[in-house]
Amino acid sequence: MSTKTKIKSGQPVYMVKVHYQDPALYELVGLLGYDCVWICNEHVGIDAAKMDGIIRACRISGMDAVIRIKPANYQPMLHVLEFGAKGIMLPRAQNAQEVEKVVSDMKFYPQGRRGLDGVNAEAAYGLTPMREYIEKANEENFLIVQIEDPEALPHIEEIAALPGVDVLFVGPGDLSMNLGIAGEFEHPRMLQIYEQVVAACQKHGKAAGIPCRPDKLPQYMEYGFRFFAGGADYHFIRNGYTELRAQLEQLGISLR
């Protein structure tokens, strides 16, 4: 089942994160059955050739690629969609006008004004008939809008109401920092914002999202969140080597 289908039906979605740029990692994660993978092109710059290979690995393994990108212009987002990415994750959204422009750029007419190229990976290299390609791309691609700045808070309702927006995703790290309560994710102000985001999403038929460890899932599902992210390759590698070091030291093997 595609990520977009699960979002529309209200089923929980769990998105994992991969930092490193080896396509084999993405293929492995996809073969394990995860819904989608968060590929950060905000903090981690990935060149076009490498991004093409990463998204191809996601497609091969049946996992939806989600690219976090802050489009300074039209082309960078267009390219990742044509490589076959299904999701766009918009960081640091400020207002509905900004989000509306992204929707227009990622959707074909009549939902937007995206330019058409029918011989890319998304169009099965020209094997998908044009009309079918346009309809399928508009239906299956999805937009995740990140709520990370105080400036966005008065516009949450308006953003949630926009056609073409699928998920409002709270970024607790940046948001708490920008509110002057860095790292206090259970602070009353943060809980108030979670409630505000969930209410707007429920009113307008969108999914509310948040980073979440598996042990916190019941709590955040009770709040009303349905789109979750967690489990990064860096943490698994760091934790694994940390555990190995502790085991070796217990056996009397001294390391640096």
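Computed from the coordinates by the stated procedures, all read-outs in this text should not be read as laboratory data. Owing to the predicted nature of the structure, the values given are computational and were not obtained by experimental measurement. Positions of Cβ are generated from backbone atoms using ideal geometry, with glycine treated the same way; all protein chains shown enter the neighbour counts.
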So Y220 ticks every box in (1) part of a helix (DSSP H, G or I); (2) surrounded by fewer than 16 Cβ atoms within 10 Å (Cβ to Cβ) but one. Which box is left unticked? (2)
Only one of A208, A200 is touching a Cys at 6+ places or on another chain (Cβ under 7 Å), small (G, A, S), buried (at least 16 other Cβ atoms within 10 Å of the Cβ) and within 16 Å of Q146 (Cβ to Cβ). Can you tell me which? A208
What pairs come up if the first residue lies in the stretch 91-104 and is more than 14 Å from I147 (Cβ to Cβ), the second is of a type in the set (S, T, N, Q), and their beta carbons are under 9 Å apart, counting only those six or more places apart or on different chains? V103/Q111; S104/Q111
Could you tell me whether the stretch 225-247 includes any residue that is surrounded by 11 or more Cβ atoms within 10 Å (Cβ to Cβ), farther than 28 Å from Q21 by Cβ, over 16 Å from the mean Cα position of the chain (by Cα) and polar (S, T, N, Q)? no
Among (1) surrounded by 23 or more Cβ atoms within 10 Å (Cβ to Cβ); (2) in contact (Cβ under 8 Å) with a residue 60 or more places away in the chain, the one test that A85 misses: (2)
Scan the stretch 102-118 and tell me whether some residue there is exposed (fewer than 15 other Cβ atoms within 10 Å of the Cβ) and assigned to a helix (DSSP H, G or I). no
Of those in the stretch 21-44 that are of a type outside the set (A, V, I, L, M, F, W, C) and under 16 Å from the mean Cα position of the chain (by Cα), the residue surrounded by the most Cβ atoms within 10 Å (Cβ to Cβ) is Y26
Quick test for you: out of A93, A24, A57, A65, pick the one residue that is of a type in the set (G, A, S) and assigned to a strand (DSSP E or B). A65
Can you tell me which residues in the stretch 127-151 are touching a residue at least 60 places away in the same chain (Cβ under 8 Å) and among the aliphatic types (A, V, I, L, M)? I144
